[in-house]
Amino acid sequence: MNIKIAAAAVLIAVASIAFMRCGASFGACMCSDAFVSYSKSDFEKRVSGSSSRSFLILPDIRLPFGFREIIPSWNIPRGGNDGYFVLIRTGNEESMGSWMLAGEWNMEVSHEEAQEALRESGAGGDIKGLFRNSSSAFLSDYLVSDGTCDRFGMIFVFDSPDGADKVSRVCAAASNMRGDRGLPLYEKSPVRKPVELKLPFRSQGWEDSKIAGHVCSIVSTCTIMEYFGRKVKTSELASIAYDRRNDMYGMWWKACAAASLFGFRSEVRHFRSLDDAYCLIADGIPVAACIAFGDDELEGSATVASDGHVIVIAGFDSEGNVICYDGAFRRKEDGIVAYDRDEFEKAWFLNGGGVGYVIRPDERKP
């Protein structure tokens, strides 16, 4: 366990340094954020002796600060046809909370089925409620805690004996920003020289009316994938990423898991300044940003207001305004729009929590 904790600490430091090279504050603001990534070797694999299930168990890992929110995501490049579900728990040195359901793929697991699988895994602990325990709740994409936690654990439960072998990477973005009113939700960053990536444009309005209003996350994911040379129909990825329980397309982790099926290394992260995105874009990597805005708070947007929308950041103009590919527009000439820098910061960081996807080709050998 000590070895794994040390490895996690190194990963946190590497993630912070990578985002600080352009002067960004990712992971550096009073240790308010951390991004950790684990490979299959960091988990304990178990195959059930009484059924065809297999398990990957991440032992409880301590992070170097107290957090209130954690967003998991994962890549399973060969797992498109598998059925699996994921359990997560958080806690501290005194006690760990009960396990909760963090996601399911090609299945809907009941409370009783999850309890039976947990017992079979031998990982310990219990499940009081699928999505809530006495101190935390899992809200479709992320876990929020009433109190401060400093460690978490995860279990992947597959309905096949070889399912656990297909996991390549598991990530978690942890933050205490919303739990500590003394910390700023974002930092202003200076305007830098213009940079812009030329991406293909896709519109939600080009899709069937049954899904057109619900696939902003999918359109953004497909836009980035096509930019890197892999063209996938929006309707195809939407079908893959559809979540039956929540009746949603492209939940954060599902968008990333779906992209991994097409050869991409993908993750959900917190961003805390526009410089965080600038550094990636300067390296040729677009960013999918989760934004929200009230009436007339984002001038030039396709809708007056939105309680949740995903767009792709492609660059910054000479005034530092944010060049986005916004699939809510039907036409390319409208959908490539430069949003006011200050208004976009509020929409992304204050209202959207600074959540974004980073999707890039996976260059590693399978």
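The values are calculated or read from the model by the stated rules, or taken from the named source; none is laboratory data. All figures in this text were calculated on a predicted structure; none of them were measured in a lab. Note: ideal-geometry Cβ built from the backbone for every residue, glycine included; neighbour counts use all protein chains shown. Only protein heavy atoms, including side chains, enter the accessible area calculation; ligands, DNA and RNA are left aside. Shrake-Rupley method; radii C 1.70, N 1.55, O 1.52, S 1.80 Å.
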Original post:
Among Asp159, Asp243, Asp42, what's the order by accessible area (1.4 angstrom probe), most exposed first?
Top reply: Asp159, Asp42, Asp243
**OP:** Convert each backbone phi in the stretch 287-298 into a coupling constant with the Karplus relation 6.51 cos²θ - 1.76 cosθ + 1.60 (shift: θ = phi - 60°), then list the ³J(HN,Hα) values in order as whole Hz, x for Gly and Pro.
**Re:** 10, 8, 10, 9, 10, 8, 7, x, 3, 6, 8, 10
Original post:
In a solvent-free Debye calculation with one equal scatterer on each Cα, what is log10 I(q)/I(0) for the stretch 206-282 at q = 0.12, 0.28 Å⁻¹, listed in the order of the q values?
Top reply: -0.36, -1.34
**OP:** Note down the accessible area of Asp283, probe 1.4 Å, to the nearest 10 Å².
**Re:** 90
**OP:** Could you pull out every one of the lysines with an alpha carbon less than 16 Å from that of Lys128, ignoring same-chain neighbours closer than 8 positions?
**Re:** none
**OP:** Would you calculate, for the chain, the mean residue ellipticity at 222 nm contributed by helices, counting each DSSP H stretch of 4 or more residues as -39,500 (n - 2.57) and dividing by all residues, to the nearest 500?
**Re:** -6000 deg cm²/dmol
Subject >> Spatially proximal lysines relative to Lys40 (Cα-Cα < 22 Å; intrachain offsets below 8 disregarded) >> reply: Lys4, Lys166, Lys254, Lys365
**OP:** Determine the relative contact order of the chain: mean sequence separation of Cα pairs under 8 Å and six or more apart, normalised by residue count, in whole percent.
**Re:** 19
**OP:** Stick to Cα atoms and the Kirkwood definition of Rh, then tell me Rg/Rh for the stretch 282-366.
**Re:** 1.01
Original post:
How big is D, in µm² s⁻¹, for the stretch 88-235 by Stokes-Einstein at 10 °C and 1.306 mPa s if Rh is the Kirkwood radius over C-alpha pairs?
Top reply: 83
Subject >> Using distinct alpha-carbon pairs, which all enter the 1/r mean, Kirkwood radius of the stretch 204-352 in Å >> reply: 15.5
Subject >> Per-peptide average of other Cβ atoms within 10 Å, ordering 124-135, 319-330, 217-228, 244-255 highest first >> reply: 217-228, 319-330, 244-255, 124-135
**OP:** Specify the inter-centroid distance of the stretch 86-144 and the stretch 218-286, based on alpha-carbon positions, in whole Å.
**Re:** 25
Original post:
Of Lys346, Lys166, which has the most accessible area with a 1.4 Å probe, and how do the rest follow in descending order?
Top reply: Lys346, Lys166
Original post:
With N residues in the stretch 20-178, what two-decimal value do you get for its Cα radius of gyration over 2.2 N^0.38 Å?
Top reply: 1.04
Subject >> Partner lysines for Lys231 [C-alpha distance under 17 Å; skip if fewer than 8 residues away on the same chain] >> reply: Lys198
**OP:** Determine the share of the stretch 270-352's accessible area contributed by carbon and sulfur atoms, expressed in whole percent, with a 1.4 angstrom probe.
**Re:** 42
**OP:** Compute the long axis of helix 111-121 from its Cα atoms, compare it with the longest principal axis of the Cα atoms of the chain, and write down the angle in degrees, 0 to 90, nearest 10.
**Re:** 60
Original post:
What percent do you get for the relative contact order of the stretch 185-320 when only Cα pairs under 8 Å and 6+ apart count?
Top reply: 31
**OP:** At a 1.4 Å probe radius, which order do Ile336, Ile285 fall into by accessible area, largest first?
**Re:** Ile336, Ile285
